[in-house]
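Undergrad: The structure that follows is given in the form of structure tokens.
The values are calculated or read from the model by the stated rules, or taken from the named source; none is laboratory data. A quick note: this is a predicted structure, and the numbers were derived from the prediction, not measured. Cβ placement follows ideal geometry from the backbone for every residue including glycine, while neighbour counts extend to all protein chains displayed. With ligands, DNA and RNA removed, areas are computed over all heavy atoms of the protein, side chains included. Shrake-Rupley method; radii C 1.70, N 1.55, O 1.52, S 1.80 Å.
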Amino acid sequence: MPIMSAFMTPGTPILLSTWSFGLRGHAAAWPVLEAGGHAIDAVVDACTAIEADPEVDSVGYGGLPDRDGQVTLDACVMQSPSSCGSVCCLRHHLHAARIAREIMDSTSHVMLVGEAADAYADAVGEPRENLLSPEAAKAWESWKRDGTDVDQVRDAGRPVDQGGGRLFDAESRWAGHDTIGTLALDSMGVLAGACSTSGSPWKLPGRVGDSPIVGHGLYVDPDIGAVTATGTGELVMGVCGAMLGVEEMRRGADPTEALVTVLQRIESAYELEDNHQVGLVAIRRDGRIGSASLRGGFKVGYTSIDGDEVRDPEHVSHPGESG
Ligand code: SD4
């Protein structure tokens with residue numbers, strides 16, 4: 001299949017997100033960019049809106065809990081190697097991307113984790129919230145009752161994005177994926193990214209995936225481009241997926257070609273299982289965009305001065321294998 005990326009005029013702001021529900025976040029973020037605002041504000045606003053949106057069935061409130069029934073949230077934000085922030089395993093605060101940004105802006109650290117991260121969020125005035133929705137609690141109780149093996153549950157299906165913001169039907173809800181990754185290029189030509197997740201369903205307590213780790217679920221080099229990932233975090237982590245994508249662009253690859261290299265590296269490093277999916281999106285510094293996924297079912301939300309669009313990825317490694 002031909003590998004192409006759309007060309008955008010430098011100076012024109014754009015937003016690019018994993019999954020069609022990314023557009024719900026773009027609705028909050030686009031006015032910022034359109035008014036000449038900063039990419040970092042836009043991506044945090046986008047994630048904040050998605051984290052709070054109860055109709056998005058796979059991010060923030062409503063996300064599936066860990067093995068012990070506890071929802072934990074992870075996020076990171078990035079503008080450059082010296083400007084990034086991350087938070088892992090929040091148990092009491094919903095707006096993980098905003099907290100990661102606070103860590104970036106107000107501390108000399110990059111990452112805070114666990115109870116201490118919740119305490120930090122308290123200290124900066126973030127409200128404590130219940131993260132477990134009644135629907136997610138019911139799903140967890142039923143999983144516990146059945147005693148189904150985690151891997152069998154995941155094999156029930158991969159998320160299939162129908163373009164309307166929902167990824168799961170009642171049965172494949174068990175396989176819940178929980179990540180929004182948003183990239184922005186603002187009218188000053190500055191890039192930023194944010195990534196927020198509740199991780200994989202029924203995970204071992206303490207498990208953290210790619211999303212909040214700089215270079216894995218998100219990487220931004222202001223002189224080169226930005227990449228963010230969704231899907232099976234362990235696969236992305238093993239190849240430093242987001243950073244690899246940016247480094248491929250540094251070498252001169254087109255954004256989609258760069259993402260295809262990440263997927264090829266994953267395929268050569270792992271035996272793919274039925275439940276595995278990885279989706280990636282990229283913006284190069286000049287506004288070219290790219291997208292790719294291992295399997296069908298992934299979609300991309302894209303917003304420019306021409307409006308909102310849900311797009312199929314430019315490349316699908318195994319197009320026949322959707323959820
Ligand atoms: C993780 N990558 O924690 C996240 C999950 C995800 O769509 O992206 N789901 O592994």
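Undergrad: Anything in the stretch 81-140 that is within 13 Å of E51 (Cβ to Cβ) and not hydrophobic (A, V, I, L, M, F, W, C)? List them, or say none.
TA: Within the stretch 81-140, H93, H95, R98, R101, E126, P127, E129, S133 meet the criteria.
Undergrad: Need at least 1 residues that are in contact (Cβ under 8 Å) with a residue 12 or more places away in the chain and farther than 24 Å from G290 by Cβ per element, so show me which strands (runs of 3 or more DSSP E) inside the stretch 7-100 make the cut, counting only ones lying wholly within it. Spell out the reasoning first.
TA: Working: elements: 14-18, 73-80, 83-90.
Filter on the stretch 7-100 gives 73-80, 83-90.
Undergrad: Can you confirm whether E115 is closer than 29 Å to V310 by Cβ and among the charged types (D, E, K, R)? Break it down stepwise before answering.
TA: Numbers: closer than 29 Å to V310 by Cβ: no; among the charged types (D, E, K, R): yes.
Against the criterion (closer than 29 Å to V310 by Cβ and among the charged types (D, E, K, R)), E115 does not qualify.
Undergrad: Determine whether the stretch 65-74 contains at least one residue that is of a type outside the set (A, V, I, L, M) and closer than 18 Å to D105 by Cα. Step through it out loud before you land on a result.
TA: First, the residues of the stretch 65-74 that are of a type outside the set (A, V, I, L, M): 65-70, 72, 74.
Filter again for closer than 18 Å to D105 by Cα, leaving 74.
Yes - at least one qualifying residue is present in the stretch 65-74.
Undergrad: While we're on this one: Pick from the stretch 194-204 the residues that are over 16 Å from A46 (Cβ atoms) and in contact with a strand residue (DSSP E or B) (Cβ under 9 Å, 6 or more places away or on another chain): which of them is farthest from the ligand (Cβ to nearest atom)?
TA: We begin by selecting, within the stretch 194-204, every residue over 16 Å from A46 (Cβ atoms); these are 198-204.
Narrowing further to those that are in contact with a strand residue (DSSP E or B) (Cβ under 9 Å, 6 or more places away or on another chain): 198-199.
Working: S198: 8, G199: 4 Å.
The extreme case among them is S198.
Undergrad: A further question on this structure: Could you check L272 against (1) open to solvent by 60 Å² or more (accessible area, probe 1.4 Å); (2) in a loop (DSSP other than H, G, I, E, B) and say which number it fails?
TA: (1)
Undergrad: For S317, are the conditions met, namely being surrounded by fewer than 22 Cβ atoms within 10 Å (Cβ to Cβ), out of contact with any His (no Cβ under 7 Å at 6 or more places or on another chain), of a type in the set (S, T, N, Q) and modelled with pLDDT of 95 or more?
TA: Yes; evaluated as a whole, the condition is true for this residue.
Undergrad: Only one of these is touching a residue at least 60 places away in the same chain (Cβ under 8 Å), out of contact with any helix residue (DSSP H, G or I) (no Cβ under 9 Å at 6 or more places or on another chain) and more than 20 Å from L272 (Cβ to Cβ): P205, P255. Name it. Talk me through it step by step, then tell me what you get.
TA: On the way: P255 fails: out of contact with any helix residue (DSSP H, G or I) (no Cβ under 9 Å at 6 or more places or on another chain).
After applying the criteria, what remains is P205.
Undergrad: Ok, one more. Restricting attention to the stretch 214-231, which residues are open to solvent by 10 Å² or more (accessible area, probe 1.4 Å) and either among the β-branched types (V, I, T) or more than 13 Å from the ligand (Cβ to nearest atom) (or both)?
TA: Filtering the stretch 214-231 down to residues open to solvent by 10 Å² or more (accessible area, probe 1.4 Å) leaves 214, 216, 219, 221-224, 231.
V214, Y219, D221, P222, D223, I224 - these are the residues of the stretch 214-231 that are open to solvent by 10 Å² or more (accessible area, probe 1.4 Å) and either among the β-branched types (V, I, T) or more than 13 Å from the ligand (Cβ to nearest atom) (or both).
Undergrad: While we're here: Identify all residues within the stretch 232-254 that are small (G, A, S), within 15 Å of the ligand (Cβ to nearest atom) and open to solvent by less than 20 Å² (accessible area, probe 1.4 Å); write none if there are none. Steps first, please.
TA: Here is the first cut: in the stretch 232-254, the ones small (G, A, S) are 233, 238, 241-242, 245, 252-253.
After this cut, where a residue has to be within 15 Å of the ligand (Cβ to nearest atom) as well, the list is 233, 238, 241-242, 245.
Residues satisfying the conditions are G233, G241, A242, G245.
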